[in-house]
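Let me begin by presenting the structure, written as structure tokens, before commenting on it.
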Protein chains: 2
Amino acid sequence: MRPQIVLFGDSITEQSFRSGGWGTALADSYSRKADVLVRGYGGYNTRWALFLLHHLFPLGSANSPAAVTIFFGANDAALSGRTSERQHVPVEEYKENLRKIVHHLKQCSSAMLVVLITPPPIDEGGRMEYARSLYGDKAMKEPERTNEVAGVYAKNCVDLAKELGLPFVDLWSKMQEAEGWQKKFLNDGLHLTPEGNSIVFQEMQRVFNKAGLSAEELPYDFPHHSEIDGKNPRKAFRIQCS
Amino acid sequence: MRPQIVLFGDSITEQSFRSGGWGTALADSYSRKADVLVRGYGGYNTRWALFLLHHLFPLGSANSPAAVTIFFGANDAALSGRTSERQHVPVEEYKENLRKIVHHLKQCSSAMLVVLITPPPIDEGGRMEYARSLYGDKAMKEPERTNEVAGVYAKNCVDLAKELGLPFVDLWSKMQEAEGWQKKFLNDGLHLTPEGNSIVFQEMQRVFNKAGLSAEELPYDFPHHSEIDGKNPRKAFRIQCS
């Protein structure tokens, strides 16, 4: 009955329903208007995401989502030859995988709003500190992700969005506009602090508002309680529930 | 595909997806296992909730929720003859309305886990302070809800749960076990603080665990990333995605 907004991505999407998360903020803002569903898969890259596509978004479904956000790249951009190598996907393949995901979603419903989100920037120092806090002397000696490489993936994501005419959030660039972004927005050099979550939420609001899916403008599913006449409640429900 | 847990209730359910809310905490704990959907209607009593029942939970749907929480009573228990009179529903009718809601849900699916939640206790002083903060000298001179009356509604809710053999959360009693519950759990004498939200979340976990719907025991929808062989990813997906 209600429109669905599906958040498809890796751990940054999976964690978006933690307290203060950007998914939670979206769900709250669309309360009584749309359902926000998380399809976040920690550790996943776009290559692995392809295996899920037909299961999460079956072709021919009568209930395709109104909007889907695609937020991968942080794991694809893990460096080959470093500790997270198994998650690495070459950037050309990353871009083609994103294209396949978009193509599939548009096949599900050509009216679907598909939004691409780039990976966030990487604070290499933060990654190293985080590894040392977990593994001490056994921690990696070189970061498994670099900001420069993440930027290449981000650029490819933006290029694809422009090519396909899709709305996008260039999180990699947006976050780096702020002084001290490394600790302000990232808590382990990669995942988001509450302020980092706020940035994603604000950017998502900007995109949804521009696309005509603003939370303010969507109708309530049922009357606000102040519109219900205590003595004749049926009247308020007549239109929406007849 | 995934089981759904639907939270049906008034403002205390509607607000459960705010940061730190009990709905958010549930959604996060069921991440990759079940979808938690909010159907919270601020200001609604059970009489008005009945108008929504067939729309929110259509009979004959192939996708009935696995579990539904029913969390009304705070508005039904607004006192007749006071400022929130239009929301008042006599306690006998409140109980019968709850019975109708349960009956309808069980008709949707006899396997559905239906959980009744009583209204929280009322901090009458907190309600008066809140009204004064909004309306100053024009605020109500007597509270529009009392803890004693909320307790009568809570008791009827618990009695019905016992009669029907349903799991329940007696929030009215549970919260009052703690010293200083008035400010600890309630922020305006009625709605929940983060600690109040935690209590509801813990109680929901207790009920779901006992009913065999614990988040820990439900299977992941797809393999954990650590189970995916970087060189042969298809293998990990073969069983769940064939």
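The values are calculated or read from the model by the stated rules, or taken from the named source; none is laboratory data. Small disclaimer: the values here were computed from a predicted structure and weren't measured. Note: ideal-geometry Cβ built from the backbone for every residue, glycine included; neighbour counts use all protein chains shown. Remember, those area values only see protein heavy atoms, side chains included, never the ligands or the DNA or RNA. Shrake-Rupley method; radii C 1.70, N 1.55, O 1.52, S 1.80 Å.
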**OP:** Any chance you could give the angle, 0 to 90 degrees and rounded to 10, that helix B:194-210 forms with the longest Cα principal axis of chain B?
**Re:** 50 degrees
**OP:** Select from the range A:83-166 those trypsin sites (Lys or Arg not before Pro) which occupy a DSSP coil region and have at most 15 other Cβ atoms within 10 Å, ordered by residue number.
**Re:** A:141
**OP:** For the range A:167-242, state which trypsin sites (Lys or Arg not before Pro) are in a DSSP loop and have at most 14 other beta carbons lying within 10 Å of their beta carbon.
**Re:** A:231
**OP:** Please work out how much accessible surface residue B:140 shows to a 1.4 Å probe, ignoring ligands, DNA and RNA, in Å² rounded to 10.
**Re:** 40 Å²
Original post:
When only DSSP loop residues count, what GluC sites (Glu not before Pro) in the range A:170-242 have their Cβ near at most 12 other Cβ atoms within 10 Å?
Top reply: A:177, A:179, A:216, A:217
Subject >> Surface accessible to a 1.4 Å probe, per residue, for the residues of the range B:124-223, Å² >> reply: 53 Å²
Original post:
For the Cα atoms of chain A, what angle does the longest principal axis make with the long axis of helix A:124-135, in degrees from 0 to 90, nearest 10?
Top reply: 80 degrees
Subject >> For residue B:60, label point 7 Å along C-beta direction: distances to other copies, nm >> reply: 2.2
Subject >> Net charge, residue A:223 excluded, C-beta distance under 13 Å - Lys, Arg +1, Asp, Glu -1 >> reply: +1
Original post:
For the Cα atoms of chain B, what angle does the longest principal axis make with the long axis of helix B:91-108, in degrees from 0 to 90, nearest 10?
Top reply: 10 degrees
Original post:
So what does the Cα-only Debye profile of the protein assembly as shown read at q = 0.06, 0.07, 0.11 Å⁻¹, as log10 I(q)/I(0), no solvent term?
Top reply: -0.30, -0.41, -0.95
Original post:
Cα-Cα over 23 Å: which of A:100/B:235; A:95/B:231; B:95/B:138; A:184/B:183; A:141/B:235?
Top reply: B:95/B:138; A:184/B:183; A:141/B:235
